[in-house]
Each structure stands twice: as structure tokens, then as C-alpha cells.
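The values are calculated or read from the model by the stated rules, or taken from the named source; none is laboratory data. What you are looking at is a predicted structure, and each value in this text was computed from that prediction instead of being measured. Note: ideal-geometry Cβ built from the backbone for every residue, glycine included; neighbour counts use all protein chains shown. Just so you know, the surface numbers come from the protein's heavy atoms only, side chains and all, with ligands and any DNA or RNA stripped out. Shrake-Rupley method; radii C 1.70, N 1.55, O 1.52, S 1.80 Å.
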Amino acid sequence: MKRRTILFGGAGLVAIATTAWLAWQSTSRRAPAANRAAGALGNAAPKREPNAAALYEASLPDLAGQTVALSHLKGRPVVVNFWATWCPPCVEEMPYLDALSKSLKNIQFVGIGIDTATNVNQFVAKIPVSYPLYVAGHSGIALVRELGNSAGGLPFTVLFDADGHIFDTILGQVTPEDLQLRIERLVAKSKTKIDK
């Protein structure tokens, strides 16, 4: 009797472990493409020329659900950060971005969530963000790719000049010092253009 109990118990543990492994494999395959983009397959994505106009042609809902045409961003330097609540590096960099947005009044910061409106609203209830946030959902990965991030990875930050051209991009988590230097170069370029 004891031997049979041990055998059935061992077989049950193997079945549980196998089921857990199969469930993990299944959810891993269903994870958003951006979440998997950092792997080997992400590197094999074809390169494409960035299309800055794609941002200004887009219309996205804000956190109140009102659709906003992003064409209103043209005319001043803009820092656009693509992020998601399920992306730990994205969440970690949000306070840096918010602090920079408060200190750099001549730059417009915008966050575009590759997430659901519910998740983004729950996030900002805990960690307030002072700059505008829009919700693109998982279909926002197409916009990320249009802007030159062929892998579709997050976080992805794009700096636009006042004319609506892509000035610089950062794939991966920003550091405050690096982003500040890139923004200073963007501002210097914009002033040079204005002075001419």
C-alpha cells in the first residue's frame, strides 16, 4: 500500500510539473511581441527607414478616452516614450522622464502606452505622471516599428525636432544623464535653426 501511494504521488508530481511547464510555454508564446523582441528573433527583424510622419498622422485616446490627433505636437521639440505597465524597465524609467519633463519646459514629453487604458489608469493612480499619456494598445507596436524600432521592443524613446523629424532614438531604458545630453543637443539644434 505504501509503495503504491509513493508511486502514485511521484506520478502526480511529474504530471503537475509537466502541466506547469506546458502552461508557461503557452503563455510565453502568447506574450506581446514587444515583450519577446529582445530575444534572438527580434534581431532578425528587417530594418526599415523610420517614418516620422507616422506619429503626426496618428490619433490616439487619452486617459479620459478622448481621441487626440497627435499632429498638435508638431512645431516644438518632442520626447515620445513608448512604454507598458507590464514592462519593468518602462516602469522604472517613468519617474526620470517625469522629472525631466518638469524641468525642461521648452520640450513636450508624451507617453504612449502599449497597454490597455485600464492598466495605464491604474498605474498613474499609483505613480502620477505630469505629461500627457495616450493609449495605443498592443497595436501601437506597428507605430513603434514605423518609427524605426523594427524589433518592436520596449521601452522606446524618440526625440523629434520642431519640424517633425526624428532627431534621435533610444531602444531600452533611458538614463537621466544620457537623455538630458540628447535633449540638450536637440535644443541646441533647434536654436541654431531658429537663429539662422
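Below is a table of values for the structure above.
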item	result
Within region 31-74, considering residues that are under 17 Å from Gly148 (Cα atoms), modelled with pLDDT of 95 or more and not in a loop (DSSP other than H, G, I, E, B), the one most open to solvent (accessible area, probe 1.4 Å)	Glu57
Filter result for Phe123 (within 20 Å of His165 (Cα to Cα) and aromatic (Phe, Trp, Tyr))	no
Criterion: without any contact (Cβ under 8 Å) to a residue 24 or more places away in the chain and either more than 17 Å from Leu97 (Cα to Cα) or not basic (Lys, Arg) (or both) - qualifying residue of Ile166, Ile170, Ile127	Ile170
Of residues in region 64-101 being without any contact (Cβ under 8 Å) to a residue 40 or more places away in the chain and aliphatic (A, V, I, L, M), the one farthest from Thr118 (Cα to Cα)	Ala69
